[in-house]
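What follows is one structure encoded as structure tokens, with my remarks underneath.
What follows draws every value from the coordinates through simple rules; no lab data is involved. Keep in mind that what you see is a predicted model, and the values were worked out from it rather than measured. Positions of Cβ are generated from backbone atoms using ideal geometry, with glycine treated the same way; all protein chains shown enter the neighbour counts.
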Amino acid sequence: MNKFLVGVVLGVLAVPALVYLYLTSGRAPAAASDPPMPFERQIAKKALHVKITKEMATAVPMRADEPTFLAGARVYRDNCAMCHGLPNNTPPRIAKGMFPPAPQLLEKDEMVTDDPPGETVWKVKNGIRLTGMPSFNASLSTQEMWQVSLLLANADKLPPSVQLALAAPVVASGAK
């Protein structure tokens, strides 16, 4: 019994000590270009999924219609396109250096049309740790968060006017 108890105590002490040594040795990935740590993706995805499921809004407070989508397109272009891109364009430069890569939300293969709008609102409002996704809670209104989330939830079936608003060339600030 003594050997068993000693083994348990050593195991309980050794595992955290080894993790600490690994993290402080300079071998743990820390740069955006480093591969993920073992189980990093699985742990982060599980924690995020549970948190969002617990906290996201389920009632949508506005209609998913053309005026909402047009307003969402303005929010998207001003706040999201710099990382998540615009339709039928190459990914923005900043997106190329992010880890994990920023999904190009208006491209067919990366649309989040199967996510409930409340999930996207949660992500916009709170951001996502250990990614480049910031919280927009201090910079967007709740209405703007819902507008952009409804735009993304319906990205595969947007009216022509909204597609045109998203596809318009970006005008550099200060241009006349």
Looking only at the range 127-153, which residues are over 17 Å from Cys83 (Cα atoms) and either touching a strand residue (DSSP E or B) at 6+ places or on another chain (Cβ under 6 Å) or crowded, with 16+ Cβ neighbours inside 10 Å (or both)? Glu144, Trp146, Gln147, Leu150, Ala153
Residues located in the range 148-170, provided they are in a helix (DSSP H, G or I) and in contact with a Lys or Arg (Cβ under 8 Å, 6 or more places away or on another chain): Asp156, Ala165, Leu166
Out of (1) more than 30 Å from the chain's Cα centre (by Cα); (2) within 30 Å of Asp115 (Cα to Cα), the odd one out for Ala14 is which? (2)
Scanning for something under 16 Å from the mean Cα position of the chain (by Cα), crowded, with 18+ Cβ neighbours inside 10 Å and among the polar types (S, T, N, Q), does the range 105-120 turn up at least one residue? yes
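A quick yes/no check of all residues on (1) farther than 30 Å from Leu164 by Cα; (2) out of contact with any Cys (no Cβ under 6 Å at 6 or more places or on another chain); (3) surrounded by 12 or more Cβ atoms within 10 Å (Cβ to Cβ):
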{"residue": "Val12", "(1), (2), (3)": "yes, yes, no"}
{"residue": "Val15", "(1), (2), (3)": "yes, yes, no"}
{"residue": "Leu18", "(1), (2), (3)": "yes, yes, no"}
{"residue": "Tyr22", "(1), (2), (3)": "yes, yes, yes"}
{"residue": "Glu40", "(1), (2), (3)": "yes, yes, yes"}
{"residue": "Ala73", "(1), (2), (3)": "no, yes, yes"}
{"residue": "Asp78", "(1), (2), (3)": "no, yes, yes"}
The conditions are (1) closer than 29 Å to Pro29 by Cα; (2) assigned to a loop (DSSP other than H, G, I, E, B); (3) in contact (Cβ under 8 Å) with a residue 24 or more places away in the chain; (4) not acidic (Asp, Glu), and Cys83 fails exactly one of them. Which is it? (2)
Within the range 95-125, the residues that are in contact (Cβ under 8 Å) with a residue 24 or more places away in the chain, outside any loop (DSSP other than H, G, I, E, B) and not basic (Lys, Arg) are Pro117, Gly118, Glu119, Thr120, Val121, Trp122, Val124
Count of residues meeting criterion [part of a helix (DSSP H, G or I), out of contact with any Pro (no Cβ under 9 Å at 6 or more places or on another chain) and surrounded by 11 or more Cβ atoms within 10 Å (Cβ to Cβ)] in the range 54-69: 3
